[in-house]
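Notes follow the structure.
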Amino acid sequence: MQYTLKDITLSQEEFSELKLCLGEHRRICRDQVYRYVKGDYQKSDNEVSNKRLEIAESLIAALDRAEWLNNNIK
C-alpha cells in the first residue's frame, strides 16, 4: 500500500521541524542497529531495528527530494 499526500502545505518552520524530528528518529534507530563494543562497531541482526533504520533513511531522502524540488522547480 502506498500513501500519496497531495494539497498539503507546510510552512518552512513546520517542514524544518518535521525533518529535524525524522533526523532524530533516524539517529535513535541507527544507535539501535550499530553498537560500539570493545573498540569496534557491531551491526545488530535484529530485523525490526534494521527495517526501522531503512524506513527512517527513506523518509529523510524523500523530504530532501521534496525540498530540492520545491527550491529548484518553479
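Under the rule of -39500 (n - 2.57) per DSSP H run of 4 or more residues, summed and divided by the residues of the chain, what mean residue ellipticity at 222 nm is obtained, to the nearest 500 deg cm²/dmol?
Values: 2 runs with 48 residues, N = 74.
It comes out at -23000 deg cm²/dmol, rounded to the nearest 500.
To the nearest 10 degrees, how steep is helix 12-33 against the longest Cα principal axis of the chain, on a 0 to 90 scale?
20
Mind checking the dipole of the chain: about its Cα centre, +1 per Lys or Arg Cβ, -1 per Asp or Glu Cβ, Debye to the nearest 20? Spell out each step's value before the answer.
Working: 12 positive and 13 negative charges, 45 e Å.
Using Cβ point charges on Lys, Arg, Asp and Glu, the chain gives about 220 debye.
Which three extents, in whole angstrom, do the alpha-carbon atoms of region 9-74 cover along their principal axes, largest first?
Principal-axis extents of the Cα atoms in region 9-74, largest first: 50, 20, 18 Å.
Suppose a student asked you for the relative contact order of the chain, using Cα pairs under 8 Å spaced at least 6 residues apart; what percent would you report?
Details: 36 pairs, mean separation 20.1, N = 74.
Averaging sequence separation for qualifying contacts and normalising by length gives 27 percent for the chain.
Please determine, in degrees from 0 to 90 and to the nearest 10, the orientation of helix 47-72 with respect to the longest principal axis defined by the Cα atoms of the chain, where the helix direction is its Cα long axis.
Result, in degrees: 30.
Amide H neighbours of residue 44 under 5 Å, at least 5 residues apart or on other chains, H built in the peptide plane: list them.
Correct list: 34, 35.
Among 48, 2, 23, flag the residue with its Cα farthest along the positive direction of the charge dipole of the chain, charges on Cβ as +1 for Lys/Arg and -1 for Asp/Glu.
Farthest along the dipole direction, towards plus: 48.
Read the figures in this text as sums done on the coordinates, not as results from a lab. Remember, it's a predicted structure, so these values are computed and weren't measured experimentally. So basically every Cβ, Gly included, is an ideal-geometry build from the backbone, and we count neighbours across all protein chains shown.
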